[in-house]
Amino acid sequence: MRGYSNYAVYLQYNCYVMARKPLKTKPFPTEKSIKKAYKVGGESLFWVLDSDGKVYRWSNRMERVEVIRQGVPYRTIEGISERLNRPVKSVLSIVGIPQTTYNKKKSEQSLLDSRESELIVLLTELIDYGISVFNNEEEKFQRWLKKPNLSLGGHSPDSLLDTTTGIDEVHSCLNRIEFGNFA
């Protein structure tokens, strides 16, 4: 019995001391996040890229292949830049296009080749998925992209977006977050 009473006193003391310490971080507004998720609704059944009045839409892998083979306009890089909240120059480095080539091809209203189009299409899907995982809170998703992540070998997710394998790894990491596995 003596051990029990000492433990009870220990617990009472620690709970009292811990309750008096101020929190260093703000608590996560769970209710607000859940309400926002309910308001927005379910996931979309298709992806859309809109550029220069032309809409590129796909809902499965075969339709994605067709969009990639057609090529998407250079102007879509600006859209990805806005959605990632990064300068166009950094998106150009992800896709591997020099600034001068981009400027020329954009003014000519040219289409990206299949490799570059595939990266843009995959980035579009990743951004849509990431935003939905973070309950449509784009700022949280953008902050997450910039932070180093242990499940990605200590790399930040946005540092892996220059290859399809890297995009797949970031997508897998988001999948683990969505289903409650730590990532």
Which value in Å does the Kirkwood hydrodynamic radius of segment 117-183 take, with 1/r averaged over all unlike C-alpha pairs and then inverted? 11.7 Å
Separation between Cα centres of segment 101-115 and segment 125-182, rounded to whole Å: 28 Å
Report the convex hull volume per residue for segment 42-178, counting only C-alpha atoms, in Å³. 104 Å³
Please identify the GluC sites (Glu not before Pro) of segment 84-183 that satisfy two criteria: DSSP loop assignment and at most 12 other Cβ atoms within 10 Å. Which are they? E108
In segment 79-183, what chymotrypsin sites (Phe, Trp or Tyr not before Pro) fall in a loop by DSSP, with at most 11 other Cβ atoms inside 10 Å? F179, F182
Enumerate by residue number the trypsin sites (Lys or Arg not before Pro) in segment 99-159 meeting two conditions: DSSP loop (anything except H, G, I, E, B), and at most 15 other Cβ atoms within 10 Å of the site's Cβ. none
Estimated vicinal HN-Hα couplings, Hz - segment 138-154 in sequence order (Karplus 6.51, -1.76, 1.60; Gly, Pro = x): 4, 4, 5, 4, 5, 5, 4, 4, 8, 8, x, 10, 4, 6, 10, x, x
Radius 9 Å from Cβ of V95, net charge of other residues (Lys, Arg +1; Asp, Glu -1): -1
Net charge around N60, counting only other residues with Cβ within less than 13 Å of its Cβ (Lys, Arg = +1; Asp, Glu = -1)? 0
Across K26/K89; K105/K147; K89/K147; K106/K147; K106/K146; K26/K146, pairs whose alpha-carbon gap is larger than 23 Å: K26/K89; K105/K147; K106/K147; K106/K146
List the residues whose amide H sits under 5 Å from the amide H of W58, counting only those 5 or more places along or on another chain, with H placed 1.01 Å from N in the peptide plane. W47
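Computed from the coordinates by the stated procedures, all read-outs in this text should not be read as laboratory data. Keep in mind it's a predicted model, so treat the numbers as computed, not measured. In this analysis, Cβ positions are derived from the backbone assuming ideal geometry, glycine residues included, and neighbour counts consider all displayed protein chains.
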